[in-house]
Amino acid sequence: MRAIQYLGIGDVAATEVERPTVAAGHVLLRVTAAGVCQTDIHFRASGEQMIPGGIVLGHEIAGIIAECAPDVQGFVVGDQVIVHPVWSCGACRQCIAGRENACLNTGGRMFPAATPGVSIDGGLADFVTVPVSALVPADGLDPAFAAVLPDAGLVPYHSINAAKDQLRPGSAAVVIGIGGLGQFAVELLRAMTGATIIALDIKDEALAAVKDRVDHVFRSDDRDVASKVTDSAGGHGADFVLDLVGNNATLKLASSIVAPYGAIRVPGLSDGVFEFETSQTSTSLPWGVSLTRPYSGTHQDLHELVALARTGRINVNLERYTFENALRAFDDLEAGKITGRAVVVME
Ligand SMILES: [Zn+2]
Ligand SMILES: [Zn+2]
């Protein structure tokens, strides 16, 4: 079958590999669409080998079940599904509590559960095998849109859903970084909260894509951005700041616009460092602020996100590529040419 493989440092290629066979508890999916993420670009661009050589990339997967292992229950051949990218055990204390992204048996203290396209073969291929516990029904959704829900949609959903206490009507929410995840974040904030929504990015085109969907847009590299945001948020700052970039500049910006008892959530992975200062006269963070680095989302989050997607209220830009052009999607994403999410639609 056709696949996009990470072969080693700097080397991602379209190849032919053996079609995988189903193990107990697994299904074989015929992939209908698979998203391309900044994480994939990061793997290709890195001078270090961050994932196993030979792995099939693709952690955003939509497909149709082509084969089920004999012990599989609850799904049948022909079902349209998407894949939760956290392949957890389903049995440990954390999984039972609905925190599969902190699974005790398949992850470690500093690394998460198995992830397709990262630590095990993923979905940028004609077929992929998936544990039945990771499947979420997605019938009726456009496969290209469904494919990007498990990462571009799930990451902001998880952060927003877990900060419901901060996101009451009258509150203000800031999204830093309006790429694929940022567009989802804006749509989810609109659909799930009554918050004032403020979008920040260093690119005018990125802001233009959401200008009509939010209350305010500002360039994040504007010298006066912090005062513009706090003014727009009612003077005390934003109750919720979603930093989808996570570099030094955005972390500093987040801390300079967050309100007392606000939530800073940083799914962005751009090697930023934040200094946590505890003096009585600290100027780094207002009192009561919480700062976390959330990982992916829970199985329940993804079910809820699919339900929300089915209402038709989520509008994000998708840049569609054929499998033959999949590597061009990598190049375009790396060159900053994509406003929204790149997705490979299998023909
Ligand atoms: Zn990703
Ligand atoms: Zn577990």
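Bear in mind that the values in this text are calculations on the coordinates, not laboratory data. Given the structure is predicted, the values throughout are model-derived calculations rather than measurements. As a convention, Cβ positions derive from the backbone with ideal geometry for all residues, glycine included, and neighbour counts pool all protein chains shown.
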| message | Quick query: amide H of Asn105 versus all other amide H atoms, modeled in the peptide plane; which residues come in under 5 Å with a sequence gap of 5 or more or a different chain? | response | Cys89
| remark: Rg (one decimal) and Dmax (whole number) from the Cα set of the chain, in Å, equal 20.0, 64
| Compactness relative to 2.2 N^0.38 Å, alpha carbon Rg of the stretch 163-292 | 0.96
| Debye intensity ratio I(q)/I(0), log10, the stretch 41-160, q values 0.13, 0.18, 0.22 Å⁻¹ (C-alpha model) | -0.55, -1.06, -1.43
| note | Residues whose modelled amide H sits under 5 Å from the amide H of Val12, counting only those 5 or more places away in sequence or on another chain, are Leu7
| said: Cross-link candidates for Lys337: which lysines have Cα within less than 25 Å, leaving aside residues fewer than 8 places away along the same chain? | reply: Lys203, Lys211
| Once you charge only the Cβ atoms, +1 for Lys and Arg and -1 for Asp and Glu, what is the size of the charge dipole of the stretch 163-292 about its Cα centre, to the nearest 20 debye? | 260
| message | Taking the Cα centre as origin and putting +1 on Lys and Arg beta-carbons and -1 on Asp and Glu beta-carbons, what dipole magnitude results for the stretch 1-141, to the nearest 20 debye? | response | 360
| said: For the stretch 94-194, which trypsin sites (Lys or Arg not before Pro) pass both filters: DSSP loop (anything but H, G, I, E, B) and at most 14 other C-beta atoms within 10 Å? | reply: Arg109, Lys164
| remark: With Cα springs under 10 Å, the Gaussian network model of the chain assigns the largest mean-square fluctuation among Thr32, Thr298, Thr311 to Thr311
| Extreme residue, positive dipole direction of the stretch 100-244, given options Gly117, Leu149, Gly194 (C-beta unit charges) | Gly194
| remark: Helix-only [θ] at 222 nm, the chain, -39500 (n - 2.57) per DSSP H run of 4+, per residue, nearest 500, equals -7000 deg cm²/dmol
| field | Simple Cβ-charge dipole of the chain, Lys/Arg +1 and Asp/Glu -1, about Cα centre, in debye nearest 20 | value | 700
| request: Going by C-beta contacts inside 10 Å, put Thr230, Thr281 in order with the fewest on the left. | output: Thr281, Thr230
| By a straight-distance test (C-alpha under 18 Å), which aspartates and glutamates pair with Lys252 as possible cross-link partners, with residues fewer than eight away in the same chain excluded? | Asp201, Asp221, Asp222, Asp224, Asp231, Asp239, Asp243, Asp271, Glu275, Glu277
| field | Positive minus negative residues near Ala138 (Lys, Arg vs Asp, Glu; Cβ under 10 Å) | value | -2
| query | Arranged from highest to lowest average of other beta-carbon atoms within 10 Å per residue, in what order do the peptides 170-176, 66-72, 80-86, 337-343 appear? | reply | 80-86, 170-176, 337-343, 66-72
| request: Go through the stretch 193-207 residue by residue and turn each phi into a ³J(HN,Hα) via Karplus (6.51, -1.76, 1.60, θ = phi - 60°); whole Hz please, and just put x for glycine and proline. | output: 9, x, 5, 5, 10, 10, 10, 10, 7, 8, 10, 4, 5, 5, 5
| note | Amide H proximity to Val344 below 5 Å, modelled H, separation 5+ or other chain, gives Ala34, Gly35, Val36, Tyr321
| message | Given the C-alpha atoms of the stretch 234-347, compute the convex hull and give its volume per residue in Å³. | response | 159
| field | Charge dipole of the chain about the Cα centre (unit charges at C-beta), most positive-ward option of Thr250, His236, Gly107 | value | His236
